[in-house]
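Data block below; observations after.
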Amino acid sequence: METRTFGSTGLEVSVLGFGGAPIGFLEAEQRQVTALLNTLLDEGVNLLDTAMLYMGSEELIGKAVSHRRDEFVLVTKCVNPMDPSPAAWSADAVAQAVDQALVRLRTDHLDVMLLHSCGLDTLEQGDALGALVRARQAGKIRFAGYSGDNETLAYAAALPDVAVIETSLNICDQANLASGLPKAKERELGVIAKRPLANAAWKDLSEQQGMYTDYAKPYTDRFAAMGLTPADLGFEGAPREIWPEIALRYTLSLPGVHTAIIGTTNAAHAKANLQAAAKGPLPQAALDKIRAAFLQAETASGQPWGAET
């Protein structure tokens, strides 16, 4: 497994990381998660990402691999991005979230704690990030950061106490290429790309599970408007089989991206992603065609395609 230096943190991270949302939202069983995560660690995946929002994901991860804690970079997020109230993002609420994450993940420290898509006003007010700074000073976390998109991401990436960002970057979501990613690269931040498979935008919406139907729709619509085929990019094979590889390799080709997190409960899918990542970046001609298709479709839509939060 290829590794990359994680910005200026001094950490080395595998280009493929594990995203813990599906194991929570899809209610995976502990035995299944334990087998999957231990297999990924054995294969060299060394970054695990989760969040307190992900309905039991932290607990599942803690039970599965806490005995191998020195083998991976542990990233989690707080608080609840669906609650914009000031009380939800107070210093006390964030400090409590850090302590709860330590318990649920069965560890004495978090490598990275990210503020989970809070609003620009919360970042400007400063209490939430200040609480992470104090947690860092107390040894509870090693690095503080922000997970989010668009103008709020660009603002966060410029803050001195932010060392890591997590943001949407994929074939159907390229807005952050022009703002947040350049700032992160300039400041040598660790960069985690989320949704690198674009929520499987090539699938029909009827095939998406539960909440993922609505979650996938913006990318599905964009993908259709872009009108690309694998053959356009120099690939052969059945589209449903080859698009995941193209999408993942696209995201890993973007300058400044250190790791892309894949959320799955399926061991076979995880193995396919490992094989795709091992093939390295896409050819420049393919990257150029994807970018051109995105910009052309965005222009035709008559409105900017902002990043999906």
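Listed values, structure above:
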{"item": "Qualifying positions in the stretch 224-264 - buried (at least 18 other Cβ atoms within 10 Å of the Cβ) and hydroxyl-bearing (Ser, Thr, Tyr)", "result": "TYR250, THR251, THR259, THR264"}
{"item": "Tally of residues being in contact with a Phe, Trp or Tyr (Cβ under 6 Å, 6 or more places away or on another chain) and more than 11 Å from ILE262 (Cβ to Cβ) across the stretch 1-49", "result": "5"}
{"item": "Residue check for VAL65: more than 28 Å from THR152 (Cβ to Cβ), assigned to a helix (DSSP H, G or I) and in contact with a helix residue (DSSP H, G or I) (Cβ under 8 Å, 6 or more places away or on another chain)", "result": "yes"}
{"item": "Extreme residue, surrounded by the most Cβ atoms within 10 Å (Cβ to Cβ), among residues of the stretch 1-32 that are closer than 16 Å to LYS63 by Cα and more than 19 Å from the chain's Cα centre (by Cα)", "result": "ALA28"}
{"item": "Output for the stretch 153-171, where each listed residue is out of contact with any Lys or Arg (no Cβ under 8 Å at 6 or more places or on another chain), surrounded by fewer than 24 Cβ atoms within 10 Å (Cβ to Cβ) and part of a helix (DSSP H, G or I)", "result": "TYR155"}
{"item": "Subset tally (residues that are part of a loop (DSSP other than H, G, I, E, B) and either farther than 16 Å from LYS271 by Cβ or free of Cβ contacts under 8 Å to residues at least 12 places away in the same chain (or both)) for the stretch 14-32", "result": "5"}
{"item": "Among (1) outside any loop (DSSP other than H, G, I, E, B); (2) in contact with a His (Cβ under 9 Å, 6 or more places away or on another chain), the one test that LEU115 misses", "result": "(2)"}
{"item": "Test set (1) buried (at least 18 other Cβ atoms within 10 Å of the Cβ); (2) over 21 Å from the mean Cα position of the chain (by Cα); (3) closer than 21 Å to ALA28 by Cβ; (4) not β-branched (Val, Ile, Thr) - MET52 fails condition number", "result": "(2)"}
{"item": "First in the stretch 43-54 and farther than 13 Å from VAL15 by Cα, second anywhere and of a type in the set (Ser, Thr, Tyr), Cβ under 6 Å, 6 or more apart", "result": "THR50/SER57; THR50/THR76; ALA51/THR76"}
{"item": "Flag for PRO86 being touching a strand residue (DSSP E or B) at 6+ places or on another chain (Cβ under 7 Å) and either surrounded by fewer than 23 Cβ atoms within 10 Å (Cβ to Cβ) or among the charged types (D, E, K, R) (or both)", "result": "no"}
{"item": "Filter pass, ALA35 being closer than 17 Å to ILE165 by Cβ and either surrounded by fewer than 21 Cβ atoms within 10 Å (Cβ to Cβ) or touching a residue at least 60 places away in the same chain (Cβ under 8 Å) (or both)", "result": "no"}
{"item": "Lone unmet requirement of (1) modelled with pLDDT under 95; (2) of a type in the set (Phe, Trp, Tyr); (3) not in a helix (DSSP H, G or I) for TRP305", "result": "(1)"}
{"item": "Residue in the stretch 124-141 that is surrounded by the most Cβ atoms within 10 Å (Cβ to Cβ), counting only those that are part of a helix (DSSP H, G or I) and within 20 Å of the chain's Cα centre (by Cα)", "result": "LEU132"}
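The values are calculated or read from the model by the stated rules, or taken from the named source; none is laboratory data. In this text, all values refer to a predicted model and were calculated from it rather than measured experimentally. Cβ: placed from backbone, ideal geometry, glycine included. Neighbour counts: every protein chain shown.
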